[in-house]
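J.: The structure is given below, and queries will be raised subsequently.
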Amino acid sequence: MTVVIGALLRSARSIFHAEVLQGAQMHATKRGVTLRPFETLVSEPNIADLRLLDGVLVIANSVSDTLLHLLYTHAVPTLLVAHRLPDLPIPRCVVDNIQGMESLANHVLAECNRRMPVFLRGLFAQHDGRQRELAFRQVLANLRINLPESHFLRGDFNPRLAVESLRAFLATGNLFDAVLSADYAMALAALGVLQESGLRVPEQVMLACFGDSPEVRAAGITAAAVYVPDLGKCAVENLLCLIEGTPIPAEITLPTVLHKRRSTCS
């Protein structure tokens, strides 16, 4: 009998969610497993429907904590991707946000000697966004850089919001010499703003981000990244272990690699 697992994602139009789903689908096919996507942007699936599945993987913060508690209460084999719920022992596949952001920030601030960066924030309530910002702040503290809070710009992993925030910051006339972004989609949007403002990258403003994509590589943006579809592969493989009753670690962490490109002092 074919194993059927659900993949809960906010929207297939989200680049990150779509790439995780792609990796999950490819590995599910390889393992002879049926994967059924559920987009949750409009509404969450019913717990009664999810209980009919052999297991569920949840990408980032795609569903409410209430639904995660119900999955746990009803003993539905569940695995989180790029997410963590402190009060529930649900296993997870995550990116090493600390290592990745530390390597990225140290490269720009220490190796490239930039001292007035702007940071495009993710969602602080979300696991990746929170860890990346805290890691960035720790590097600032280690290098004794006292960065004004006005240099921490709201982005929420939303390129349009990142554009608005960066344009508003430029309008203030405050000095800055680098932009570090909590994800690659915001970095690509930021590059457009810098170019339309006549700022030269990297001579006047360096640009670096967490996460990578073909567009980021083509633009020559320095990035700390894991291959995102590998998160989907990790999720499916470990969820199958849960379904079979095989113990797995509470957290499976995928390391990042720093790709130095022409947007910094590579």
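J.: Roughly how big is the chain's charge dipole about its Cα centre, with Cβ charges of +1 (Lys, Arg) and -1 (Asp, Glu), in debye to the nearest 20?
T.: About 480 debye.
J.: What does the net charge come to around Leu191 if you take all other residues with beta carbon closer than 15 Å to its beta carbon, with K and R at +1 and D and E at -1?
T.: Working: positive: Arg160, Arg167, Arg200, Arg217, Arg261, Arg262; negative: Asp183, Glu196, Glu203, Asp212, Glu215.
With Lys, Arg at +1 and Asp, Glu at -1, the net is +1.
J.: Still on this model: Starting from the exponent 0.38 and prefactor 2.2 Å, build the expected Rg for the range 1-70 from its residue count and divide its actual Cα Rg by it.
T.: Relative to the 2.2 N^0.38 Å estimate, the range 1-70 comes out at 1.07.
J.: Which value, in debye to the nearest 20, gives the size of the charge dipole of the range 97-225 about its Cα centre, when Lys and Arg are +1 and Asp and Glu are -1 at the Cβ?
T.: 220
J.: Using 0.36 nm times the number of residues separating Lys30 and Asn46, minus their current alpha carbon distance, what extension gain do you get?
T.: Fully extending the segment from Lys30 to Asn46 adds 2.9 nm.
J.: Ok, one more. Separation between the Arg200 and His69 pseudo-spin-labels, each 7 Å from Cα along Cα→Cβ, expressed in nm?
T.: Modelled inter-label distance: 5.7 nm.
J.: Oh, and also: Within the chain, which cysteines find no other Cys whose Cβ is under 4.7 angstrom from their own?
T.: Cysteines of the chain left without a disulfide-compatible partner: Cys209, Cys241.
J.: Next question, about the same structure. Beta carbons within 10 angstrom, averaged per residue: use that to sort the peptides 244-251, 200-207, 230-237, highest first.
T.: 230-237, 200-207, 244-251
J.: Once every Cα of the range 1-121 carries one equal point scatterer and solvent is ignored, give the base-10 log of I(q)/I(0) from the Debye formula at q = 0.14, 0.21 Å⁻¹, two decimals.
T.: Computed log10 I(q)/I(0) values: -0.67, -1.18.
J.: What is the set of long-range amide H partners of Gly211 at a cut-off below 5 Å, with H atoms built 1.01 Å from backbone N?
T.: Residues meeting the criterion, in which the H sits 1.01 Å from N, are Ala224, Ala225, Val226.
J.: Suppose each label sits 7 Å from its Cα in the direction of the beta carbon; what would the Arg154-Gln138 distance come out to in nanometres?
T.: That separation, rounded to one decimal, is 2.7 nm.
J.: Mean Kyte-Doolittle of at least 0.0 and a Cα length of 15 Å or more along the axis: which whole DSSP H helices of the chain meet both?
T.: Working: long enough: 15-30 (23 Å, 0.04); 127-142 (22 Å, -1.02); 159-172 (20 Å, 0.59); 184-196 (18 Å, 1.23); 229-244 (23 Å, 0.68).
Within the chain the helices that satisfy the rule are 15-30, 159-172, 184-196, 229-244.
J.: Return one quarter of the surface area of the convex hull spanned by the alpha-carbon atoms of the range 177-255, equal to its mean projected area, in nm².
T.: 6.2
J.: May I ask for the Rg/Rh ratio of the range 61-161, computed from Cα atoms with Rh as the Kirkwood radius, given to two decimals?
T.: Radius of gyration relative to Kirkwood radius: 1.08.
J.: Would you mind telling me which residue in Thr34, Thr222, Thr253 has the biggest mean-square fluctuation in a Gaussian network model of the chain, where springs connect alpha carbons within a distance under 10 angstrom?
T.: Thr34
J.: Against the 2.2 N^0.38 Å scaling, with N counting residues, where does the range 97-225 land? I'd like the Cα-based Rg ratio to two decimal places.
T.: 0.93
J.: Now, a different point. Using alpha carbon coordinates only, what is the Rg to Rh ratio of the chain, with Rh defined as the Kirkwood radius?
T.: My calculation puts Rg/Rh at 1.01.
J.: Which peptide among 99-105, 88-94, 192-198 comes first, and what is the full order, when sorted by highest mean count of other Cβ atoms within 10 Å?
T.: 99-105, 88-94, 192-198
J.: Among Ala189, Ala110, Ala135, which one shows the highest mean-square fluctuation when the chain is modelled as a Gaussian network with alpha-carbon springs under 10 Å?
T.: Maximum among the listed residues: Ala110.
J.: Using 7 Å Cα-to-Cβ label points, what is the Ala125/His259 separation (nm, one decimal)?
T.: So the label points at Ala125 and His259 sit 3.2 nm apart.
Computed from the coordinates by the stated procedures, all read-outs in this text should not be read as laboratory data. No experiment lies behind these values; they were computed from the predicted model shown. Here Cβ is always computed from backbone atoms with ideal geometry, including for glycine, and neighbour counts include all displayed protein chains.
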